[in-house]
1. Are any of the residues in the range A:118-130 touching a Lys or Arg at 6+ places or on another chain (Cβ under 8 Å), surrounded by fewer than 18 Cβ atoms within 10 Å (Cβ to Cβ) and closer than 26 Å to A:Gly49 by Cα?
2. Could you check the range B:257-286 and list, in sequence order, the residues that are in contact (Cβ under 8 Å) with a residue 40 or more places away in the chain, under 27 Å from B:Ile200 (Cβ atoms) and not hydrophobic (A, V, I, L, M, F, W, C)?
3. For the range B:240-278, give me each residue that is buried (at least 24 other Cβ atoms within 10 Å of the Cβ) and closer than 13 Å to B:Asp215 by Cα.
4. Could you please tell me which pairs satisfy a Cβ distance under 9 Å, a separation of 6+ or placement on different chains, a first residue in the range A:96-109 that is within 15 Å of A:Ile124 (Cβ to Cβ), and a second residue that is of a type in the set (Ser, Thr, Tyr) and modelled with pLDDT under 90?
5. Looking at A:Arg140, A:Arg153, A:Arg206, which is the one that is at negative phi, more than 17 Å from the chain's Cα centre (by Cα) and either of a type in the set (D, E, K, R) or surrounded by fewer than 20 Cβ atoms within 10 Å (Cβ to Cβ) (or both)?
6. For the range B:323-407, which fully contained strands (runs of 3 or more DSSP E) count at least 3 residues that are under 30 Å from A:Pro87 (Cβ atoms) and within 23 Å of the chain's Cα centre (by Cα)?
7. Considering only helices (runs of 4 or more DSSP H) fully contained in the range B:1-58, which possess at least 3 residues that are modelled with pLDDT of 95 or more and either out of contact with any strand residue (DSSP E or B) (no Cβ under 9 Å at 6 or more places or on another chain) or closer than 20 Å to B:Tyr114 by Cβ (or both)?
8. Among (1) assigned to a helix (DSSP H, G or I); (2) facing chain B (nearest Cβ under 9 Å); (3) of a type in the set (Gly, Ala, Ser), where does A:Gly92 come up short?
Amino acid sequence: MLEISDLTARVAGKEILNGINLTVKAGEVHAIMGPNGSGKSTLAQVLAGREDYEVTRGSVTFEGHDLLAMRPEERARAGLFLGFQYPVEIPGVNNVYLLKAALNAKRKAAGEPEVDAYEFLALIREKMKFMQMSETFLTRGVNEGFSGGEKKRNEVLQMLVLEPKLAILDETDSGLDIDALKVVSKGVNSLRDPARAVVLVTHYQRLLDYVIPDQVHVLSGGRIVKSGDKSLAQELERRGYDWVMGAQVA
Amino acid sequence: MSAALRSFETQWRARTPDALQPIREQAMQRFLKLGLPSLRDETWRYTDLRSLAALSYGEAGCAAGGATTGDAALSLVDFKQHAATLTMINGCPLLDADLPVVNCIEINSIKDIYNRDPSQLRQFFEAASDADQRRWVLLNTALFIDGLYLKITGAVATPLVILHVSTGVAAQAAHPRVIIDASPGASATIIEHHVSQGDIAPLNNSNTHIALGRDAQLEHYRVYATGAGATHLDSLDIHQAQDSQCRQFTIALGGGLVRSSLEARLNQRGASLDSYSLLVGHQERHVDCVNIVTHAAPHTRSRQTARAIASDVSRVIFNSKVIVNAGANGSDSKQSCRGLLLSPSAEIDTRPQLEIHADEVKCAHGATTGRLDPDMLFYLLSRGLDRETAQSLLVFAFLADVLTGMSVSSARAAIENALINQLPDAQILRKFR
């Protein structure tokens, strides 16, 4: 589904990614871990198409298409979803309106008709209930005045409505209390499907107790320095990032 | 002396004196002495009137243009949802036999009132001032032919619309005058809608004076929607008594050169003003807005919310000043001006100012101007919205603070509609509504 090869990228003139290689197959859940400043979020943003991040080398294919040649909106419509680490507040743009516009953009790209208003509302209500979100959310501006936890739930809600083929969740677990973490994990798990894939970018192992990854990668200095199965995350938790970084130096 | 000044003097000399002569005389003498404002005057530093000064102006008469009355296309408010429309042509009110009857609003011509009893209106004509922002008010006082005097005596549920129609040629000048006098406890919504017949119109030098009695409430709109060749100099004076509340909307959506000023005085404890400005620069339009709010009594409150958008080669200026007089402790004011540039050749200047002479006050101000927020834009794109839609959504979101404050839904809808036509990607924006 996703094939990243020797990906190198720069932000504000500084190399942040230094040759990433990663293959994610349909049905898989990958976790990307690493210390602060290792390039985790940059990788997520580059995959979503952030324009001020300059790709200087390498290639990324998504379902056989050249992802780097696609505009951010085209990537989204093709089934890529980024759950933001810091979802931006957009006062004046209604939450429901955004959800509907996003869903219709995707349907239009797939040659499907626009969603029926009644059907749409029913869908939103169902997903909101699943995410344990209050109905007042419907009338508010996008992320406007949301707490950190509410913003993350909102990201997962959008993901559930859009049903992406590939979801990249950038620290969706950070700042969540244990109850919210369970709800968010439930949302992510509900999307697990042989035809979909999930990339979890996370700093802590905690989320991986609830969403069990198939593979775990450790990012450091802009490259993947170690890969393994879920036990790698547990070992990291025990021994800390210094253990992998030490291994890298040796 | 400029050609314009000479021509105004000629008009002045040709007039037949009337019951307001002493007030007019004083105003005209000040005006002639001070001359037209120039770039050297503090509140005029962004607006060059030299081309205007080079013209000689005749009087724009009270021609009763048949086509202008009751024209639905010119109406800003759904006719089922408002109490009445009063039409003024070049400042002259059309007060004929069909004059609507609205409960709790007495509708009169200013001329009729002062011919009967000049003392009744004297309080609404301010003493001649040398302040540069009042220069054109002096001329209006000297030369206005007639105007509307509205006395609100009770609670009026539905909005009253004043349709100002400007018609004629650029070498003419009109001086529309409106007085809104709300009795203690009265409440109303009044919408002043300025339009022109065609792109070219006389120089329009309008003034509105609002006086709110104790506990009175007014929602007032002034909507500039004249043609692209029109010059409009508009001034608004608001005087508020104890516990009165005023919500004021200034909407600049038309005209070639628009100068809009607001001077509010919160004269007694508990008076509260919410001023909203939506200033839209489009094509070659120049919009210069000046607000001066004076807290003249303790425990008075003001809020100013201005949103400026400029596209093409337009220019929008918003200067606001809050003055807290000595002794006006407990005054509470906020100024928020934000500008959004939609073209590299457009320009927005905002300048919030504070002048505080009291001790215990709460005054906040902020001003920002920029382009669309790239983080917001990327967020919307990452959800699959196309770029034009995302940009247009953000433009509307930017204006939401002003638009959502409007309680007259049909006026808001009409204003949004007109606004959309002046933004890039009008077709896309239509789909949102």
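The values are calculated or read from the model by the stated rules, or taken from the named source; none is laboratory data. None of these values were measured; they are calculated from a predicted model. Cβ coordinates were reconstructed from backbone atoms using ideal geometry, including for glycine residues, and neighbour counts include every protein chain displayed.
1. Initial filter on the range A:118-130 (touching a Lys or Arg at 6+ places or on another chain (Cβ under 8 Å)): A:120, A:130.
So of that shortlist, the ones also surrounded by fewer than 18 Cβ atoms within 10 Å (Cβ to Cβ) come out as A:120, A:130.
Adding the requirement that they be closer than 26 Å to A:Gly49 by Cα leaves none.
For the range A:118-130, residues touching a Lys or Arg at 6+ places or on another chain (Cβ under 8 Å), surrounded by fewer than 18 Cβ atoms within 10 Å (Cβ to Cβ) and closer than 26 Å to A:Gly49 by Cα: absent.
2. Selection gives B:Arg259, B:Ser261, B:Ser277, B:Gly281, B:His282, B:Gln283, B:Glu284, B:Arg285, B:His286.
3. B:Gln240, B:Ser244, B:Leu266, B:Ala271, B:Leu273
4. These pairs meet every condition: A:Val96/A:Thr139; A:Ala101/B:Thr389.
5. From the options A:Arg140, A:Arg153, A:Arg206, the qualifying one is A:Arg140.
6. Working: elements: B:332-341, B:347-356, B:362-370.
In the range B:323-407, the matching strands (runs of 3 or more DSSP E) lie at B:332-341, B:362-370.
7. Numbers: elements: B:3-14, B:21-34, B:50-53.
In the range B:1-58, the matching helices (runs of 4 or more DSSP H) lie at B:3-14, B:21-34.
8. Unmet for A:Gly92, out of (1) assigned to a helix (DSSP H, G or I); (2) facing chain B (nearest Cβ under 9 Å); (3) of a type in the set (Gly, Ala, Ser): (1).
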